[in-house]
Amino acid sequence: MSTSRFPRRARIAALVVLVGAAALIVVSLNGRPARKGDSKQAAADARSQEAVLTVSVTELAAADLPRTITMNGTIQAWQDVIISPEVGGYRVAEVKVDVGDRVTRGQVLVELSTALLDADVATKRAVLNQREAQLVNAEASQRRAQSLSAMKALSQADLDRLNSEALAAKASVESARADLEASQLRLKFTRVTAPDDGVITSRTVTVGQIAQAGNEMLRLLRNGRIEWRGEVPESRVGELEIGQPVKVTTADNAVFQGAIRVVAPTIAALNRTGLVYVDLPRDPRLRPGMFARGEIEIAHGMTYTVPLQSVVSSDGYNYVFALKPDNTVERRHIETGGIRGASIEVTSGLEAGERIVEKGAGFLKDGDLVNVSGAIGS
C-alpha cells in the first residue's frame, strides 16, 4: 500500500514513536546491571593503575642437593724447613741455589770459606802425630821397666811412674784425635746441604757475609708438598673426618680436589673456630700464602633454593617477598644455607609451591601491589 494514502499527521506520529523507542533502547543499554566479566576488567584496570612495580616471580620447589660446609683458609707449606749453618764466624764463599730451584737431599747449597779450618785441621793432625810418638816412647819405657822389674833391677815406685806415664800418653793421643775429628767436622759443616728434597722458597744469604751459626740462610718447601688450612666453626667440627674429599677454589676460580689430612684437636678461643688440614696435589698454580675457599660435602637432602637476587638483607636478616593471590606481596623472614651458583639454600621461612618475587624485590615493601610480567621465572 502506498504511503501517500496515509495522512500527513499520521506519518508524523509514527516518526515520534520510532524515536522514542530508540531512546528507550539506549537508556536500557546504559542502565543494565554490570556483568561479572565487566567487574573483573574494572578491578584489573584499578590494580594496574595502583601497582607500584612490575616484577617477575619464580615458584618454590624442593630439590635434592648436597649439604656442605664452606669455609675460608690459606694455602701453606706442609713443612717449611729453615736451612742455617752449623758453624759460624766464616765467610760465605759461594751460594749455589736461588729461589725457585728444586734441590735433592744432600745437595750442596752454600759453601763457606775453609782457609782457617784447613789450617786448624793441619795443626790438630800434627799435634796428634806428636802425641802418638810420645805414646810409642812411653809404651817402650813401660815394657823395659816391666823386664827390669821382673829381674828385681827396678823399684816398684819407678815401675808405677812409667806405667802412669804410658797411660797419660795414651789419653793424650785420644784427646788429640778427638780435637782433630772436631776440626774435621767443622770443616765438613762449611758445606751447607739440603736436608731433604724440595723447592727453595726464600734466600737471605749473600756471598761475602760472615755466617752465624743458626741464622737462616735459605728456606725449603719440603718435598714440594703443600696443604690448605681452613677455619671451620666449632659447631661443625664434629661433622669432619679424616679422608673426606674437599673442593678447594682459589681466588682465580681454579678448582682443586683435596682430602682432609687431620682435624685440629683444639678450638681457637678468639674466633671459636677449628683448623682443618687438607692435602692438595702438586700444581705450579698453587703457592703458599694464597687465599682459597674450601667446600666439604657432608650429606644429601631435600631443600629449597631461591635466586640470590630475590633475597633482600636488612638489619642483619634475610627476607624474600611472597606473591599472594591478589597480587600483593608479603615480606618473609628466611634462614639461609649455602650458595649454589646463582641460588641460595633456604632452610626455613617458605613452603613448596609459593611464588617468590625474583626481579625487583629490592624495591618492594610489605603489602605492595605489583604486576607480574610474563611467565613464572622469566
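The values are calculated or read from the model by the stated rules, or taken from the named source; none is laboratory data. This structure is a prediction, so every number in the text was calculated from the model and none was measured. Cβ placement follows ideal geometry from the backbone for every residue including glycine, while neighbour counts extend to all protein chains displayed.
Computed values, structure above
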read-out	value
Subset of the stretch 77-104 (residues that are under 22 Å from PRO281 (Cβ atoms) and not β-branched (Val, Ile, Thr))	ALA77, TRP78, GLN79, ASP80, GLY100, ASP101, ARG102
In the stretch 299-354, the residues that are closer than 30 Å to PRO245 by Cβ and either free of Cβ contacts under 8 Å to residues at least 12 places away in the same chain or not assigned by TED's automatic domain parsing to the domain that holds THR68 (or both)	GLY341
The stretch 112-131, residues that are part of a loop (DSSP other than H, G, I, E, B) and in contact with a strand residue (DSSP E or B) (Cβ under 7 Å, 6 or more places away or on another chain)	SER113
Wholly within the stretch 313-378, strands (runs of 3 or more DSSP E) carrying at least 1 residues that are touching a Pro at 6+ places or on another chain (Cβ under 7 Å)	343-348, 355-359
Criterion: buried (at least 19 other Cβ atoms within 10 Å of the Cβ) and over 30 Å from ALA63 (Cα atoms) - qualifying residue of GLY274, GLY294, GLY289, GLY258	GLY274
Filter result for the condition that a residue is more than 30 Å from ASP101 (Cα to Cα), among the hydroxyl-bearing types (Ser, Thr, Tyr), in the same structural domain as ARG67 (by TED's automatic domain parsing) and touching a residue at least 12 places away in the same chain (Cβ under 8 Å), over THR273, THR266	THR273
Residues of the stretch 340-362 classified as exposed (fewer than 14 other Cβ atoms within 10 Å of the Cβ) and either on the phi < 0 side of the Ramachandran plot or more than 35 Å from the chain's Cα centre (by Cα) (or both), total	7
Criterion: modelled with pLDDT of 95 or more and either part of a strand (DSSP E or B) or under 23 Å from SER183 (Cβ atoms) (or both) - qualifying residue of LEU65, LEU109	LEU109
Filtered residues of the stretch 83-106 (kept if in contact with a Leu (Cβ under 7 Å, 6 or more places away or on another chain) and part of a strand (DSSP E or B))	ILE83, TYR90, ARG91, VAL92, ALA93, VAL103
Leading residue by the ranking (modelled with the lowest pLDDT) among those in the stretch 201-217 that are in contact with a Leu (Cβ under 6 Å, 6 or more places away or on another chain) and within 29 Å of ALA292 (Cα to Cα)	THR201
Lone qualifier among VAL232, VAL246 - being outside the structural domain of GLU86 (by TED's automatic domain parsing) and either aromatic (Phe, Trp, Tyr) or touching a Phe, Trp or Tyr at 6+ places or on another chain (Cβ under 8 Å) (or both)	VAL246
Subset of the stretch 273-302 that is under 12 Å from ARG225 (Cβ atoms) and of a type in the set (Asp, Glu) - its residue that is modelled with the lowest pLDDT	ASP283
Qualifying residue in the stretch 240-247 (condition: outside any strand (DSSP E or B) and either modelled with pLDDT of 95 or more or surrounded by 15 or more Cβ atoms within 10 Å (Cβ to Cβ) (or both))	yes
